[in-house]
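The values are calculated or read from the model by the stated rules, or taken from the named source; none is laboratory data. This one's a predicted model, so the numbers in the text were calculated from it and none came from an experiment. When we count neighbours, we look across all protein chains shown, and the Cβ atoms used for this are built from the backbone with ideal geometry, even at glycine. The accessibility values were calculated without ligands, DNA or RNA, using every heavy atom of the protein model including side chains. Shrake-Rupley method; radii C 1.70, N 1.55, O 1.52, S 1.80 Å.
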Amino acid sequence: SPAPKESNVDVLIIGAGPAGLMAACWMAHCGVSARIVDKRNTKIFCGQADGLQCRSLEIFDSLGFADRTWKEANHMIEICMWNPGADGVIRRSDRIPDTIVGLSRFQQIVLHQGRIERFFLDNIKKYSKDSIKVERGVLPESLEIDTSKVEDDAAYPVTVKLRTLTEEEATPAQQQTGSKGSDGLFRSNLTNEDDEDDLIRKSKARAGESEIVHAKYVIGCDGARSWTRRSLGLELDGEATDFIWGVMDIIPVTDFPDIRMRCAIHSASNGSLMVIPRENRLVRLYIQLKEVTPDASGRADKSKITPDLIFSAAQKILAPYKIDYEYCDWWTAYQIGQRIGNSFDAERRVFLAGDAVHTHSPKAGQGMNVSMQDAYNLGWKVGLVAKGVCKREILSSYQSERRRVAQDLIEFDQKFSRLFSGRPAKDVMDAEGVSMEEFKDAFLKGNMFASGLSVNYGPSSIVVKPGDAAEQGDGSEKTKKLVKTHDLSLEEFNKKQALASGLPVGMRVNSFKVLNQACARPWHFQERLKADGRFRVVLFAGNILSPTQKARVEKFCALLDAPENFLRRATPEGKPIDSIVEVLTIHSAKRTETELLRDFPEVLHPFDEKLGWDYNKVFVDDESYHEGYGDAYKNYGVDSERGCVVAVRPDQYVGWVGELEDFGGLQEYFEGCLVLK
Ligand code: FAD
């Protein structure tokens, strides 16, 4: 047979679920040559993940499709808790807001994974000018890393052999026939048959087409049974529990009063149920299956699980209320287990993201969110290193930052699932049961964690704060060895951080409204931090009308503009000055008393021969005509007279804070992560 065709690509992504699509999105936005393959012949059309947390929506906004999601989704406003009363009958015992008030400009919403994947695909098509397309029915059969070349920036050290499947091979079989809706058991962790080795064997027998790809970087986003992870010899550590849950997406016919609220229902003795109201009249029920228990091997017998079995469990939990359905959109079952990858990359050349490195129960709506957020953390790093914009060194921060988040997630999920699957306490003396105070408390705390907004990355070359990278990261030897930190005492750091107390170094930039200086339009400041692969310097210019402050700003800008400093040295020959690092300004003087061209140095609103001045870089903290006052200086904790300077990473996390005089510190930050001429 003819030799397989060979090609080079900067980034190869394996798996086109939420994590893989997020990674591909970054490649499209950063203009990196990339391919993405998936063994399945279609995307998901129904079922699976549905909850979208605040941080994911902020991320979607940075990519340009939060509006589509926001419009189409069902908005979750309140959580109702139902518990047995003294008579054993369930009753509503509490209500809390679903999203902590004031946390983000978005709140938690639900829309099924298939729609999210659609938005991603449209966005990738648009930004890559149709050059990055999911290649479906394609799976890898071997992966090798040439370790002698891993530190060579120009090399393609990863070789992956890809095989194209036939249509039939790429179509998953439904496990149960004759049920009212499509089932997702083929992707459930109760099933083992979805086996790559088997597919490769069958496909070989039919001489499927194969191809050899040489990649600079590979990102494995191929789900919980990740082939990429296994082929690297990496493992998931952790265990399965005995809790088995069913999931059904139905249009309910019921007299239960809170069916359009998110509900956590604990019955006295029939187990627990969670209600998630969804788009298009659908409601998702998560139902504890007390009748199904794992066997000696620790696995439950999936053949016993049918929609009827799951639904009758729901009916028992909800009694005396009645519930029935005519239409079921999707159903599945899963066994709760918490596992985490022992390593998130090999040689900083092959990375793992999403379910490939952490699995847990889906009830807190974390799976899809954390998976996408992994790839949001990783994508720009890989993309910018592949393009030669960033140093390879920054890649080590992926494991220290995201494995830590996964560890926190697993810990959170262990607590949350135990409280959810446990029997409610009969009274205060019942120590084995779960008390409702304990449950409510966990929910309130859980909401902060679940929003994705409490993530605080530890020190690294791109997060300037004191302390031990491993200790504040994932604690691994690898992090200890590879993650470089800045030399900074706690005292020095606290002084810097106090300049912008509302912008903690390591956390995402929160959003408050500011006005465009040139046109008075209000913007949520985060909307200006687009995911286009650029770092940002945010200059809080303070009271620009005071002569002393103006002199400080001018001095800072002169250094910014100097040819020997990072801004000009990062910019490729002949490209605009904001190509790699964009400078944004927020000042605190009165809008109507200031003039863009008169009061602000040119580097803050650069001039282009063909396009004129840039009117979209200078903002003011002032009152708007129609949308109130964002009070940005107060909310960011910045002195409105003196201001400060903040360096922001391409994924909106704060990397560095300092005084206008501390140009040296800013220069050092960028020297640490950018490739400068
Ligand atoms: P996946 O979405 O699993 O995507 C992996 C992709 O890789 C798939 O498209 C797969 O076809 C492809 N692939 C796998 N192996 C290969 C290979 N060898 N070669 C090429 N391609 C490959 N989360 C929630 O938040 N709420 C829920 O209600 C919820 N319910 C769930 C129900 C089930 C049955 C499952 C399995 C998961 C559920 N999740 C839920 C979790 C959520 O769907 C995942 O956390 C999320 O999809 C993870 O995204 P991912 O991209 O990492 O992996």
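I'm trying to understand the selection: among the residues of the range 215-231, which are over 11 Å from ILE13 (Cα atoms) and among the aromatic types (Phe, Trp, Tyr)?
TRP227
Among (1) open to solvent by less than 80 Å² (accessible area, probe 1.4 Å); (2) at pLDDT 95 or above; (3) more than 26 Å from the chain's Cα centre (by Cα); (4) more than 15 Å from the ligand (Cβ to nearest atom), there is one condition LYS149 misses while meeting the rest; what is its number?
(1)
Could you list, in sequence order, all residues of the range 309-336 that are surrounded by 15 or more Cβ atoms within 10 Å (Cβ to Cβ) and within 18 Å of ARG92 (Cβ to Cβ)?
ALA314, ILE317, LEU318, TYR321, ILE323
So which pairs qualify, if the first residue must be in the range 563-589 and within 13 Å of HIS605 (Cβ to Cβ) and in a loop (DSSP other than H, G, I, E, B), the second must be modelled with pLDDT of 95 or more and open to solvent by 20 Å² or more (accessible area, probe 1.4 Å), the Cβ gap must be under 6 Å, and the two must be at least 6 apart or on different chains?
As it stands, the answer is ILE577/PRO606, since those pairs meet every condition given.
Taking THR359 and the conditions (1) modelled with pLDDT of 95 or more; (2) within 15 Å of the ligand (Cβ to nearest atom); (3) among the β-branched types (Val, Ile, Thr), which numbered condition does it fall short on, given that it satisfies the others?
(1)
Conditions (1) under 23 Å from ASP130 (Cβ atoms); (2) assigned by TED's automatic domain parsing to the domain that holds GLN652; (3) touching a Phe, Trp or Tyr at 6+ places or on another chain (Cβ under 9 Å); (4) open to solvent by less than 20 Å² (accessible area, probe 1.4 Å), marked per residue:
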site	(1), (2), (3), (4)
LEU21	yes, no, yes, yes
VAL37	yes, no, no, yes
ARG40	yes, no, no, no
SER62	yes, no, yes, yes
ARG68	yes, no, yes, no
MET81	no, no, yes, yes
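Of the residues that make up the range 371-386, is at least one more than 16 Å from the ligand (Cβ to nearest atom), over 14 Å from the mean Cα position of the chain (by Cα) and among the small types (Gly, Ala, Ser)?
Yes, the range 371-386 contains at least one residue that is more than 16 Å from the ligand (Cβ to nearest atom), over 14 Å from the mean Cα position of the chain (by Cα) and among the small types (Gly, Ala, Ser).
Could you list all residues from the range 525-535 that are out of contact with any Pro (no Cβ under 8 Å at 6 or more places or on another chain) and open to solvent by less than 40 Å² (accessible area, probe 1.4 Å)?
Answer for the range 525-535, where residues must be out of contact with any Pro (no Cβ under 8 Å at 6 or more places or on another chain) and open to solvent by less than 40 Å² (accessible area, probe 1.4 Å): PHE525, GLN526, LEU529.
Just one of the numbered conditions (1) within 16 Å of the ligand (Cβ to nearest atom); (2) in contact with a Gly (Cβ under 7 Å, 6 or more places away or on another chain) is not true of TYR334; which one?
Of (1) within 16 Å of the ligand (Cβ to nearest atom); (2) in contact with a Gly (Cβ under 7 Å, 6 or more places away or on another chain), only one is false for TYR334: (2).
If you take the residues of the range 536-595 that are under 33 Å from the mean Cα position of the chain (by Cα) and open to solvent by 50 Å² or more (accessible area, probe 1.4 Å), which of them is nearest to GLU609 (Cα to Cα)?
Within the range 536-595, the match that is nearest to GLU609 (Cα to Cα) is PRO576.
Quick one: in the range 221-238, of everything that is near the ligand (Cβ under 6 Å from one of its atoms) and touching a Lys or Arg at 6+ places or on another chain (Cβ under 9 Å), which residue is nearest to VAL370 (Cα to Cα)?
GLY223
Would the range 505-519 turn up any residue that is in the same structural domain as LYS617 (by TED's automatic domain parsing), surrounded by fewer than 17 Cβ atoms within 10 Å (Cβ to Cβ) and over 22 Å from PHE535 (Cα atoms)?
Yes, the range 505-519 contains a residue that is in the same structural domain as LYS617 (by TED's automatic domain parsing), surrounded by fewer than 17 Cβ atoms within 10 Å (Cβ to Cβ) and over 22 Å from PHE535 (Cα atoms).
Quick check, is LYS634 more than 27 Å from ASP651 (Cα to Cα) and of a type outside the set (Asp, Glu)?
It is false that LYS634 is more than 27 Å from ASP651 (Cα to Cα) and of a type outside the set (Asp, Glu).
Just give me the residues in the range 403-421 being within 18 Å of MET274 (Cα to Cα) and in contact (Cβ under 8 Å) with a residue 40 or more places away in the chain, in sequence order.
If the condition is that a residue be within 18 Å of MET274 (Cα to Cα) and in contact (Cβ under 8 Å) with a residue 40 or more places away in the chain, then PHE412, ASP413, GLN414, PHE416, SER417, PHE420, SER421 are the ones that fit.
Please determine, by comparing only the residues of the range 481-491 that are under 14 Å from TRP656 (Cβ atoms) and touching a residue at least 24 places away in the same chain (Cβ under 8 Å), which one is nearest to the chain's Cα centre (by Cα).
Across the range 481-491, the extreme among qualifying residues is THR485.
Output the residue which, of all residues in the range 455-504 that are aliphatic (A, V, I, L, M) and in a loop (DSSP other than H, G, I, E, B), is surrounded by the fewest Cβ atoms within 10 Å (Cβ to Cβ).
Ranking the candidates gives LEU488 first.
Pick out, from the range 1-119, the strands (runs of 3 or more DSSP E) lying fully within it that include 3 or more residues that are modelled with pLDDT of 90 or more and either under 30 Å from GLU141 (Cα atoms) or within 12 Å of the ligand (Cβ to nearest atom) (or both).
Ranges flagged: 5-14, 34-38.
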